[in-house]
Each structure stands twice: as structure tokens, then as C-alpha cells.
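Here's the structure we're looking at; comments come further down.
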Amino acid sequence: MASFSWYFTDRLVSKLEEREKQQIELYAETIRYVMTSDENADINFFFERIKKINENNTIPVIWKDGSGHLNSNNIEIPNFNNTEDRQKFLKGKLDEIILENNKPIEMDMGFQKEYIYYGNSNLLKLLRYYPLSQLVVVLILGFLGYIFFSYSRRAEQNRVWVGLAKETAHQLGTPLSSLTAWIEILKENPNVNPEIVEELAKDVQRLDTITTRFSNIGSTPILKKEPLEDLIHGFINYLKIRISSKVTIDIQSHLPPNQQVNVNKYLFEWVIENICKNAVDAMSGAGLISIRLKEGKNNTITIDIEDTGKGILPKNTSKVFAPGFSTKKRGWGLGLTLAKRIVENYHLGKLQLKWTEVNKGSTFRITLPNPTEEV
Ligand SMILES: Nc1ncnc2c1ncn2[C@@H]1O[C@H](COP(=O)(O)OP(=O)(O)OP(=O)(O)O)[C@@H](O)[C@H]1O
Ligand SMILES: [Mg+2]
């Protein structure tokens, strides 16, 4: 469609160019005739003709006569007091017209040759740009269409994601509350080993945490000011007993005591858990995880989680946050996608891979707004 329009306009432009050239040739021929005819000729008739030729067009014309004097037609000339300025002005115009690349028309006056220079009419100029302007419109429309399409696709993905999370939380809720009730009954029963009941209660507690996470991600989560260091220590203590004992987790804070952050505790712990679990996987179950809490630039708090694992290959560094990207046998490739989503969409923070080196380790950085600096 666009190339058809391009081709069509191009032909139109060529035709118009040809017609304008013929018009100027006629003009030149008339001038030549007037200038070379004898005194008895009806000069007036030809002057009328020259006027007619130029009446309905906007082709700028400059006629350079034998003495180099410039005469013009269809060129707006300011009011000059003397001929010299006028000639200077026309000289400038002549240079512009020459740039338009129309071959000047030669007039053989017998004793000398004179030239008519001409430019392009407004219509021709407009027509030349027409396909380009059409192309720009098509490109803008295409771009808008693309934005709309990707936005609606993302919105659709969001709905599926959020809906699934909500439904899971909802479905887990009923058996969970009945399990809690069963535990209470078992606690009363002297024939059941209390240690077993204790372990069972912990597992149910864990299931409850998972359900709360799903339910939080499925709705707009409520953020609360929490002391960051305590939150991290509390959660790492919980995590430590669930991972290999050959993994050491070291926490260091360079923040003021009791520094708070605005978070949804359940979702934030989920982020830390995903990053730490990846770290444990990368170290094949043995190594050091260092967690550093610091103040960042522009009123932010940064949480760096560094491991001494196998690192990430350069070709994969840009893919780790993509949903479905996993190098693990049993990985879903969802952990980091989810973590990034929680940090960036729900906490208005940032999650980045800050450093990685093959066989040395990796650092993931969480950046959160610093609430104490807010006015
Ligand atoms: N600390 C790390 N060290 C080395 N590679 C990592 C690290 N963290 C993430 N990766 C790489 O990024 C990939 C994606 O991680 P992500 O947590 O999203 O998915 P996953 O761990 O493979 O699966 P899951 O959905 O169970 O979390 C991993 O498979 C791994 O290749
Ligand atoms: Mg993971």
C-alpha cells in the first residue's frame, strides 16, 4: 500500500516536473521572440502571453540577460531603494534556485545567449514530501499499535498471574484451617507424641505463610514500616535451619539502628528466600552468603546478597529475570521474576544483578525507598 502510494506519487511528480519545464520553455521562447523581433511586432500581445503563462503557477523564475542583469517572476522581493540591493537579493535567490537542480533554459538571442533559471512550484515541493509524510503517519500509527498491543498483553498476563495466586490462596485456606483445628485436638490427646504434633504445627505454620504470600500477591498488598535489620535476622534464622548446614549466612548492617523500610513482610521475605535459595543452589550447598545493608544514593536503602557460588555466564546475565529462564533440572525459572515483580511493582524499589563472575559468585541488589527521609 505504502509502496504503491510512493510509486504513484513519484510518477505524478515526474509528470508535473515535465509540465513545469514545458511552461518555462514556452516562457523563454516568448521572451526570446519579444527581444529579437523588429519594432513592428505586436509586443503587447506577447507581454500578455508572458503574464498568462505565469498567472496560475508559483514557479520561481530568474532571467539572466546578456549584461548579467537579473529579472524575476514569482519571487517576492522586498522594497529596495536601489537596484544594486535588488540585484544582490536576486543573486541570492538565484543560488537557491540553482540548488533545485533544474537545467536552465538557454535562449539564443542571435548575438548572445541568455538563460532562464527556474525552481519548483509549491505544489511540486509539497508532492515530493507527500509519501514521506505518509510514511511518518504509518510509522506513528504502527508504533502506537505496538504500544497498545504490548500493554494489553501485559495486562492480560497480570490478570492471569494475580487470578491464579488468589485462587490458590483461597483453595488452600479451607484445608489449612481444618488442619489447625486437628492439631489442637491432637495436642489434647495423651496418646500422641507431642514432638510429632510440634513438627506438624510447624509445617502447618509454613503452609499458612505460603498461603498468606499468595493471597498478598493476588491483591494490593499493604505495606508497613518494619525495622529492616530485625526483619532480615528473623527471617534468616528461620531460613538457616531449612538449608544446608554447610552454608554460612553473614549479615552486616551499615544502617542506623532501627532503620525502617516500608514493606509487606510476607512478600519481602519471599524475595529474600528466592534470592538466598538461588545462592544455595549456585554453591551446591556449601559456601558463604553475605547480606549487607547500606544507605544508597537518592534516599534509598540497599540490600546486597552476595554468594560464593558458580556465578552466571555472561550470555545469561540479561536473561535471569525473564520468566521461564532456568539452568536447573527442576527449576521453573520463576523465582527471580517473582522477586523482581514484588520489589518493583509492590515496593517501588529495584532488583538488579549487581555483580557476577563465573566460579566466583554473584551479588543481587535490592533497592528500596528510604521512608525516614520522606517528608
Ligand atoms: N545466585 C545465583 N548464582 C548463579 N546463578 C543464578 C543465581 N541466581 C539465579 N541464577 C540463574 O538464574 C536462573 C533463574 O533463576 P530463578 O530463581 O528465576 O529460577 P530457578 O531458580 O531456575 O527456578 P525457580 O522457579 O525454582 O526459582 C537460574 O536457573 C540460574 O541459572
Ligand atoms: Mg530460583
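The values are calculated or read from the model by the stated rules, or taken from the named source; none is laboratory data. Bear in mind that the values here come from a model prediction, so they are computed numbers and not experimental data. Note: ideal-geometry Cβ built from the backbone for every residue, glycine included; neighbour counts use all protein chains shown. Calculation scope for accessible area: heavy atoms of the full protein, side chains included, ligands and nucleic acids excluded. Shrake-Rupley method; radii C 1.70, N 1.55, O 1.52, S 1.80 Å.
Does the range 111-138 hold any residues that are aliphatic (A, V, I, L, M), crowded, with 17+ Cβ neighbours inside 10 Å and closer than 22 Å to SER3 by Cβ, and which are they?
The answer is LEU124, LEU127.
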Handout entry: Residue check for SER67: surrounded by 15 or more Cβ atoms within 10 Å (Cβ to Cβ), of a type in the set (Ser, Thr, Tyr), modelled with pLDDT under 90 and in the same structural domain as TYR33 (by TED's automatic domain parsing)
Key = no
Problem - Top-ranked residue in the range 333-344 [being of a type in the set (Gly, Ala, Ser) and either in a helix (DSSP H, G or I) or away from ligand 2 (no atom under 12 Å from the Cβ) (or both); ranked as nearest to LYS319 (Cα to Cα)] - result: GLY335
Exercise for the section: Determine if the range 359-373 includes at least one residue that is in contact with a Ser or Thr (Cβ under 8 Å, 6 or more places away or on another chain), more than 20 Å from THR302 (Cα to Cα) and without any contact (Cβ under 8 Å) to a residue 60 or more places away in the chain. Expected result: yes
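Working only within the range 290-305, note down all residues that are more than 9 Å from ligand 1 (Cβ to nearest atom) and part of a strand (DSSP E or B).
Correct list: SER290, ILE291, ARG292, LEU293, LYS294, GLU295, GLY296, THR300, ILE301, THR302, ILE303, ASP304.
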Exercise for the section: Tell me, yes or no, whether the range 325-332 has at least one residue that is under 23 Å from VAL162 (Cα atoms), part of a loop (DSSP other than H, G, I, E, B), within 13 Å of ligand 1 (Cβ to nearest atom) and open to solvent by 60 Å² or more (accessible area, probe 1.4 Å). Expected result: yes
Practice task
Return a yes/no flag: does the range 303-317 have any residue that is away from ligand 2 (no atom under 15 Å from the Cβ), within 15 Å of PRO227 (Cα to Cα) and modelled with pLDDT of 95 or more.
Solution key: yes
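For the range 345-375, name all the residues that are polar (S, T, N, Q) and assigned to a strand (DSSP E or B).
Within the range 345-375, GLN352, THR356, SER362, THR363, THR367 qualify.
May I ask you to verify whether ASP281 is outside any loop (DSSP other than H, G, I, E, B), assigned by TED's automatic domain parsing to the domain that holds ILE366, at pLDDT 95 or above and more than 29 Å from LYS225 (Cα to Cα)?
Against the criterion (outside any loop (DSSP other than H, G, I, E, B), assigned by TED's automatic domain parsing to the domain that holds ILE366, at pLDDT 95 or above and more than 29 Å from LYS225 (Cα to Cα)), ASP281 qualifies.
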Problem - Filter pass, VAL271 being under 16 Å from LEU353 (Cβ atoms), within 16 Å of ligand 1 (Cβ to nearest atom) and either outside the structural domain of ASN359 (by TED's automatic domain parsing) or surrounded by 19 or more Cβ atoms within 10 Å (Cβ to Cβ) (or both) - result: yes
Practice task
Hey, can you tell me all the residues within the range 284-301 that are at pLDDT below 95, within 16 Å of ligand 2 (Cβ to nearest atom) and either closer than 30 Å to ALA169 by Cβ or open to solvent by 40 Å² or more (accessible area, probe 1.4 Å) (or both)?
Solution key: SER284
